[in-house]
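The values are calculated or read from the model by the stated rules, or taken from the named source; none is laboratory data. Please read all numbers here as calculations on a predicted model, not as lab measurements. Neighbour counts are summed over all protein chains in view; Cβ atoms, including those assigned to glycine, are modelled from backbone coordinates with ideal geometry. Quick note on the areas: whole protein, heavy atoms, side chains included, nothing else; ligands and nucleic acids left out. Shrake-Rupley method; radii C 1.70, N 1.55, O 1.52, S 1.80 Å.
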Amino acid sequence: MIETIVQLDALRARVSGWKREGLRVGFVPTMGNLHAGHYSLVMLARRSADRVVSSVFVNPTQFGPNEDYTRYPRTPEADTSGLEGAGCDVLWLPTVESMYPFGIELAARINVPGVSSVLEGAHRPGHFDGVCTVVTRLFNQVQPDVAAFGKKDYQQLAVIRQMVQDLAMPVAIVGGSIVRESDGLAMSSRNQYLSPQQRPVAAQTRRTLLAMRTAVAEGLPRCQVESEAAQLLAAAGFKVDYAAVRRPDLSEPAEGEAGPKVALVAASLGTTRLIDNLEF
Ligand code: PAF
């Protein structure tokens with residue numbers, strides 16, 4: 001039976017009890033409105049931990065002024081039963097007031113330079129500062145041994161890994177594979193904003209990533225791969241933020257460089273912004 005905890009003292013007592021018993025604690029931070037992608041992270045955390053805590057907290061500091069903070073879907077009952085089904089032991093539900101006791105303006109902030117400012121960071125200024133600011137707090141609250149993050153937010157995972165290494169946080173980070181719908185669309189809480197007309201078009205993000213991988217394998221120059229990908233998305237009706245080929249650390253590869261790569265796209269259909277990526 002999952003236990004829902006809303007007070008930090010109670011969370012600390014539960015986690016320190018587990019640690020006294022020598023149990024390893026896994027953690028899956030979320031913003032709720034959970035789907036199979038989140039539940040796969042709970043199962044992933046479970047593989048390297050004896051107990052799993054998941055948090056649901058819609059974090060105001062990572063939303064831009066024109067983003068969907070207030071209308072972000074909140075589905076607490078479904079989240080609780082889904083987490084229980086996935087094997088989560090504790091649901092941690094902090095409030096905005098307890099997360100930011102001095103208020104948002106006076107909150108101590110974490111900035112990870114470099115990797116935070118490209119791609120998503122360039123299009124959503126301050127977004128990763130908000131993510132790092134809340135994840136640091138969540139790590140301090142939960143004190144996990146291992147934390148799982150989805151690879152769908154590829155750049156978020158890279159930023160978190162750098163933050164953890166740079167600040168010597170005693171948490172192992174594991175990345176969970178992207179979970180997709182049958183037509184290839186990456187699962188996301190934002191997919192439900194898509195209209196019935198937009199929904200089949202949304203899977204063009206995945207098809208574009210596959211085309212980018214093929215074009216790189218065929219030796220097309222990176223600029224051409226990126227501009228053709230942007231054209232594919234635009235032709236399907238997207239407003240494109242970026243289509244990019246990067247090294248795994250998100251730096252720009254030299255022309256013709258061998259080695260692992262990741263293709264990333266971010267594009268909006270109407271007011272719904274989608275991101276996806278493909279490692280190859
Ligand atoms: O990936 C998310 O859902 C959020 O960015 C996270 C990591 C829970 C921080 O609010």
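Criterion first (buried (at least 17 other Cβ atoms within 10 Å of the Cβ) and modelled with pLDDT of 95 or more) does Gln162 satisfy it? The answer is yes for Gln162.
Would you kindly identify the helices (runs of 4 or more DSSP H) lying entirely within the range 36-151 that contain at least 2 residues that are under 27 Å from Gly17 (Cα atoms), more than 11 Å from the ligand (Cβ to nearest atom) and open to solvent by 10 Å² or more (accessible area, probe 1.4 Å)? Step through it out loud before you land on a result.
Numbers: elements: 36-47, 76-86, 96-99, 120-123, 127-142.
Qualifying helices (runs of 4 or more DSSP H): 36-47, 76-86, 96-99, 127-142.
Condition check for Phe102 on (1) within 19 Å of the chain's Cα centre (by Cα); (2) without any contact (Cβ under 8 Å) to a residue 40 or more places away in the chain: one failure, at (1).
For the range 242-249, check the following and say yes or no: at least one residue is over 27 Å from Pro113 (Cβ atoms) and out of contact with any helix residue (DSSP H, G or I) (no Cβ under 9 Å at 6 or more places or on another chain).
In the first step, residues of the range 242-249 are kept if they are over 27 Å from Pro113 (Cβ atoms); the result is none.
So far as the range 242-249 goes, no, none of its residues is over 27 Å from Pro113 (Cβ atoms) and out of contact with any helix residue (DSSP H, G or I) (no Cβ under 9 Å at 6 or more places or on another chain).
How many of the residues making up the range 22-35 are within 17 Å of Asn140 (Cα to Cα), within 14 Å of the ligand (Cβ to nearest atom) and of a type in the set (A, V, I, L, M)? Please lay out each step first, then the result.
Taking the range 22-35 and keeping what is within 17 Å of Asn140 (Cα to Cα), we get 24-30.
Checking which are within 14 Å of the ligand (Cβ to nearest atom) leaves us with 27-30.
With of a type in the set (A, V, I, L, M) added as a condition, the list becomes 28.
Qualifying residue count, the range 22-35: 1.
Looking across the range 174-188, the residues that are buried (at least 16 other Cβ atoms within 10 Å of the Cβ) and either among the hydroxyl-bearing types (Ser, Thr, Tyr) or within 14 Å of the ligand (Cβ to nearest atom) (or both) come down to Val174, Gly175, Gly176, Ile178, Val179, Ala186, Met187, Ser188. Which of the numbered conditions does Val112 fail, given that it passes all the others? Conditions: (1) out of contact with any Leu (no Cβ under 6 Å at 6 or more places or on another chain); (2) under 19 Å from Val28 (Cα atoms). The single condition Val112 does not satisfy is (2).
Restricting attention to the range 189-210, does a residue exist that is at pLDDT 95 or above, within 16 Å of the ligand (Cβ to nearest atom) and either assigned to a strand (DSSP E or B) or over 19 Å from His38 (Cβ atoms) (or both)? The answer is no; no qualifying residue exists.
When residues of the range 222-238 are filtered for being outside any helix (DSSP H, G or I), open to solvent by 30 Å² or more (accessible area, probe 1.4 Å) and under 22 Å from Tyr154 (Cα atoms), how many remain? Matching residues across the range 222-238 total 0.
Set side by side, the residues Thr205, Thr271 differ, and just one is open to solvent by 50 Å² or more (accessible area, probe 1.4 Å), of a type outside the set (Lys, Arg) and over 22 Å from Ile160 (Cα atoms), which is Thr271. So which residues in the range 211-221 are assigned to a helix (DSSP H, G or I) and surrounded by fewer than 16 Cβ atoms within 10 Å (Cβ to Cβ), if there are any at all? Passing the criteria: Thr214, Ala217.
Annotation: Asp241 fulfils all but one of (1) within 22 Å of Ser188 (Cα to Cα); (2) open to solvent by less than 40 Å² (accessible area, probe 1.4 Å); (3) in a helix (DSSP H, G or I); the unmet one is (3).
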